[in-house]
Amino acid sequence: MSSLTIRTYPDPVLKGECAPVETVTDEVRRLLDDMAETMYLNNGIGLAAPQVGERARLIVVDVERGEEGDTLLKLVNPRIIEKQGETKSEEGCLSCPDLLIEVNRFESVTVEALSPDGKETTIEAAGLLAICLQHEIDHLDGVLLVDRLSSLRRTLYQKKRVKEDAKPADTGDESRRTDTTL
Ligand code: ZN
């Protein structure tokens with residue numbers, strides 16, 4: 001496994017819809033493994049393929065961060081087939097550094113996907129897992145947290161990002177992190 005570079009806003013690879021994966025090949029499985037490694041290294045609880053520059057419908061999720069046994073989900077072509085209830089969550093995103101916003105989400109969702117061995121799988125999720133799945137599936141449709149800001153706040157954020165990108169990477173500051181970085 002190897003870790004990949006996280007793409008950040010306004011990288012154009014994060015925009016637009018990603019293509020479905022037609023066959024789950026070894027290459028796809030390798031990418032899912034590398035995505036999981038990248039998610040753990042960056043203290044995320046979810047990661048979608050466009051965040052590492054791949055425009056494919058692939059996500060990895062682990063709301064326990066690998067601390068409680070095998071809770072890692074690697075999903076191919078995930079789609080929400082049922083949704084219920086409403087909740088608000090405060091979310092951060094590895095692709096939108098230094099941004100935390102409150103998002104309206106469904107409280108529980110049922111997701112259909114293919115597993116890494118190409119089998120149909122159904123996940124019934126509630127709470128943090130449901131929120132995480134909705135956030136990652138948004139990425140596959142090119143929807144980012146910044147898209148939920150008013151145009152004024154988005155412009156300010158974009159200016160700040162351009163400035164930050166010109167500076168050397170800041171790796172030491174953990175204080176800006178949240179428990180919900182996806
Ligand atoms: Zn994200």
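Bear in mind these aren't lab numbers, they're just calculated from the coordinates by the rules spelled out. Note that this is a predicted model, so its numbers are computed, not measured. Heads up, the Cβs are rebuilt from the backbone with ideal geometry, glycines too, and the neighbour counts pull from every protein chain shown.
Here are a few things to note about the model shown:
- Dipole size of the chain about its Cα centre, with +1 on Lys/Arg Cβ and -1 on Asp/Glu Cβ: approximately 940 debye, rounded to the nearest 20.
- Counting only Cβ charges, +1 for Lys and Arg and -1 for Asp and Glu, the dipole size of the range 55-94 around its Cα centre is about 440 debye.
- Which of Thr181, Thr5, Thr71 has the fewest Cβ neighbours within 10 Å, and the rest in rising order: Thr5, Thr71, Thr181
- D (Stokes-Einstein, µm²/s), Kirkwood Cα radius, the range 48-174, 1.306 mPa s at 10 °C: 99 µm²/s
- Listed by Cβ neighbour count within 10 Å, with the fewest neighbours leading, Ile81, Ile101, Ile131, Ile45 appear as Ile81, Ile101, Ile45, Ile131.
- Packing-based exposure ordering (other Cβ within 10 Å, fewest first) of Leu128, Leu114: Leu128, Leu114
- Each of Ala36, Leu47, Thr71 was placed along the dipole of the range 22-117 (beta-carbon charges, centred on the mean Cα), and the one lying farthest toward the positive end is Leu47.
- Here the extension length gained between Ser151 and Glu67 equals 26.4 nm, from 0.36 nm per residue of separation less the Cα-Cα distance.
- Calculated log₁₀ intensity ratio I(q)/I(0) where the Debye formula runs over C-alpha points of the range 115-162, q = 0.31 Å⁻¹: -1.06
- Here the Gaussian network model covers the chain, with springs between Cα atoms less than 10 Å apart; of Glu37, Glu64, Glu107, Glu64 fluctuates the most.
- The range 14-65 shape via C-alpha gyration tensor axes, a/c threshold 1.5: oblate
- Overall, the anisotropy analysis places the range 50-104 in the rounded class: the square-rooted eigenvalues a ≥ b ≥ c of its C-alpha gyration tensor yield a/c less than 1.5.
- Cα gyration tensor shape for the range 1-119, rounded if a/c is under 1.5, else prolate or oblate: rounded
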